[in-house]
Amino acid sequence: MTEKQSTNNSARSMTVATLLVMVGLVFSKCSGFLRDIFVGIKFSDSVFRDSFTLAFTIPDLVYNLLIGGSIQSAITPSLSASIASGEEKKGIRAVSIFVSFFALLLFIVCVIGTVFSESIYTIFDSGEHGEYTTYLAAMASKWLFPQIIFMMLAALCIGILNAYKRFASTAFGPTVYNAFVLLSIIVFAGNTQAKLMNTTCGIMGAAVIYFLFQYIIGFDKLKQFKFIWAPKDKDFHKLVYRALPILISASVVQINMVILNYFAMMLPDAGNVYALRNASTTWQLPYGIFAVAIGNVMLPSLAELFGKKDYQGASELLSSRLKSALFLTIPSAGFIIIMNTDVIKAIFQWNSAYTDADAKRAGTLLIGYSIAIITHTVVFIMNQAFYAIGKTKVPLVAGCIGLISNPVYCSMFMPRFGALALTLAYSLTSIMQMSILCIVYCSYKDLKPRKMIGFLVKAFVSVLLMCVSLIILNNVINLGGGKMMNLMSLAIKGVVAVIVYFAMALLMKMPEANIWINQVVTKITKSK
């Protein structure tokens with residue numbers, strides 16, 4: 001096999017893997033939307049909605065601080081490099097020690113969190129409705145702290161299998177988790193403390209099933225990893241040194257959500273925490289499907305290229321992946337800006353419990369988040385690039401600067417913009433992080449992405465014309481009526497937006513348009 005054939009096969013394999021992960025993420029996001037829809041239906045009282053949403057905040061933060069980001073961003077490239085260099089057993093031992101150490105640490109922290117949850121959640125006790133809401137959230141979190149252990153084990157399984165490029169084995173695990181979470185909400189949820197507690201207990205059970213599902217599917221590879229207590233091991237120290245900045249920087253998103261929820265609780269009316277959750281879930285749909293899928297598949301391959309000192313190949317790979325992700329997330333942001341409330345209604349408004357006022361509140365917050373769809377795409381993929389080349393401190397510094405700026409922006413903008421200030425602050429923080437990451441990474445001249453300015457000009461011209469067509473359609477098409485008519489109206493506008501955007505991209509000879517069209521046509525042809 002020639003070098004060119006090998007390169008082409010590798011590119012095709014990466015494309016297939018990316019599409020597979022995207023499909024898995026679509027199922028995961030859709031099941032996650034169903035979960036949020038039923039939260040609004042079953043917890044019809046806004047206080048219980050806010051309490052349920054708030055209950056996840058601290059456990060999710062603990063998870064991200066201690067283990068969440070390190071799996072994909074530290075363990076995966078480290079193990080990939082060990083496999084590529086013929087030192088697989090050495091890599092397995094280092095990962096086993098790493099996980100053993102952090103599993104024990106996580107267990108201790110979860111016990112503390114469960115016992116002292118009431119005291120911990122008093123940080124959110126602000127505003128007119130804050131005391132009872134935070135009390136309910138603290139009670140519900142007592143089942144969510146133990147859930148972290150099983151989420152960690154499931155994430156470990158995914159990180160290891162991704163290192164072996166077994167993306168098919170990891171694509172649908174989150175969907176399984178979301179399905180059982182949804183079942184717990186449908187069966188147990190309601191406007192009493194007992195029902196709230198039963199719901200989070202069921203969610204812990206969903207985490208157990210999630211872990212078992214991933215372990216059974218990847219058993220042939222995962223059985224190699226065992227509990228090893230050797231904290232003085234040198235390879236373990238190297239992995240920890242690499243992982244610690246990642247652990248902290250990966251938790252920045254969750255810490256910022258804690259900050260946003262804190263400020264949301266300061267607003268005078270109830271329902272803002274749940275509205276913030278709705279807006280956050282919505283903007284993360286295109287970001288999570290496109291940027292996360294492309295970045296996660298890119299990570300082990302980029303680490304291998306850097307390890308082989310193929311800097312030109314690494315630069316070309318990063319350039320193509322960054323353009324592919326932005327080509328899809330830029331029009332997504334444009335569509336959400338124009339159609340913000342309609343999108344929220346389409347996703348969350350299925351009965352009278354979710355009012356037009358609820359949709360408008362979440363839609364307003366979604367406008368502020370829209371910028372982050374684009375900027376956070378760059379942040380995520382550039383973070384993956386830094387992790388692949390072992391420069392883990394740069395994302396950490398960018399994240400820490402974001403942690404300072406986010407509450408400052410919230411305090412500055414809230415008197416003028418109210419709730420919208422929360423998501424505007426998040427997007428401005430994301431712009432700062434993106435700028436720092438791009439400036440530093442481009443200082444490595446052999447590795448920096450190429451031909452980005454021309455691509456961005458063409459993409460933004462295309463999306464501008466798409467947005468103009470949407471504004472015109474909004475004045476022409478207004479089907480009115482019930483839920484199905486509203487969904488049909490949104491679908492028609494979405495199809496027109498896609499056609500206009502791709503037509504303009506093809507007119508300006510953007511290769512990304514041809515790549516995605518060819519992939520879709522190929523998949524349809526094969527399925528037939």
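Points to keep in mind about this one:
- Residue in segment 234-242 that is part of a helix (DSSP H, G or I), closer than 30 Å to Gly402 by Cα, among the aliphatic types (A, V, I, L, M) and in contact (Cβ under 8 Å) with a residue 40 or more places away in the chain present: yes
- Any hit, segment 108-130, residues being modelled with pLDDT of 85 or more, acidic (Asp, Glu) and surrounded by fewer than 18 Cβ atoms within 10 Å (Cβ to Cβ): yes
- Only residues that are over 24 Å from the mean Cα position of the chain (by Cα) and part of a loop (DSSP other than H, G, I, E, B) were counted across segment 399-436, and they come to 1.
- Neighbours by Cβ (under 6 Å, 6+ apart or cross-chain): first from segment 82-110, within 18 Å of Cys157 (Cβ to Cβ) and among the hydroxyl-bearing types (Ser, Thr, Tyr); second surrounded by 17 or more Cβ atoms within 10 Å (Cβ to Cβ) and at pLDDT 80 or above: Ser96/Ile228; Ser100/Ile228
- Residue satisfying all of: in segment 155-167; surrounded by fewer than 20 Cβ atoms within 10 Å (Cβ to Cβ) and touching a Gly at 6+ places or on another chain (Cβ under 9 Å); nearest to Val39 (Cα to Cα) among these: Arg166
Conditions tested, residue by residue: (1) in a loop (DSSP other than H, G, I, E, B); (2) within 21 Å of Gly334 (Cβ to Cβ); (3) of a type in the set (A, V, I, L, M).
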residue	(1), (2), (3)
Met265	no, no, yes
Gln284	no, yes, no
Phe290	no, yes, no
Ala293	no, yes, yes
Pro300	no, no, no
Ala303	no, no, yes
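- Of the criteria (1) under 19 Å from Ala291 (Cβ atoms); (2) modelled with pLDDT of 90 or more; (3) hydrophobic (A, V, I, L, M, F, W, C), which one Leu424 fails: (1)
- Some residue of segment 448-465 being more than 20 Å from Tyr501 (Cβ to Cβ) and buried (at least 22 other Cβ atoms within 10 Å of the Cβ): yes
- Residues of segment 170-215 that are hydroxyl-bearing (Ser, Thr, Tyr), open to solvent by less than 40 Å² (accessible area, probe 1.4 Å) and more than 19 Å from the chain's Cα centre (by Cα): Ser184, Thr199, Thr200.
- Residue ID - surrounded by the most Cβ atoms within 10 Å (Cβ to Cβ), chosen from residues in segment 377-414 that are under 25 Å from Val273 (Cβ atoms) and of a type in the set (Phe, Trp, Tyr): Phe380
- Test for Ala230: is it over 18 Å from the mean Cα position of the chain (by Cα), at pLDDT 80 or above and within 19 Å of Gly363 (Cβ to Cβ): no
- Residue in segment 221-238 that is surrounded by 23 or more Cβ atoms within 10 Å (Cβ to Cβ), farther than 23 Å from Ile120 by Cβ, out of contact with any Pro (no Cβ under 7 Å at 6 or more places or on another chain) and not acidic (Asp, Glu) present: no
- Within segment 437-455, one or more residues are under 21 Å from the mean Cα position of the chain (by Cα) and not charged (D, E, K, R).
- Residue match in segment 479-486 (condition: modelled with pLDDT of 90 or more and either among the charged types (D, E, K, R) or farther than 30 Å from Ile344 by Cβ (or both)): no
- Candidate set: segment 330-376, residues that are polar (S, T, N, Q) and in a helix (DSSP H, G or I); chosen: the one most open to solvent (accessible area, probe 1.4 Å): Thr364
- Only one entry of Phe52, Phe27 meets the criterion of being among the aromatic types (Phe, Trp, Tyr) and modelled with pLDDT of 80 or more, and that entry is Phe52.
The values are calculated or read from the model by the stated rules, or taken from the named source; none is laboratory data. The shown structure was predicted, so the numbers you read here are calculated from the model rather than taken from an experiment. Using ideal geometry, Cβ is built from the backbone for each residue, glycine included, and neighbour counts are taken over all protein chains shown. Side chains included, ligands, DNA and RNA excluded: accessible areas come from the protein's heavy atoms. Shrake-Rupley method; radii C 1.70, N 1.55, O 1.52, S 1.80 Å.
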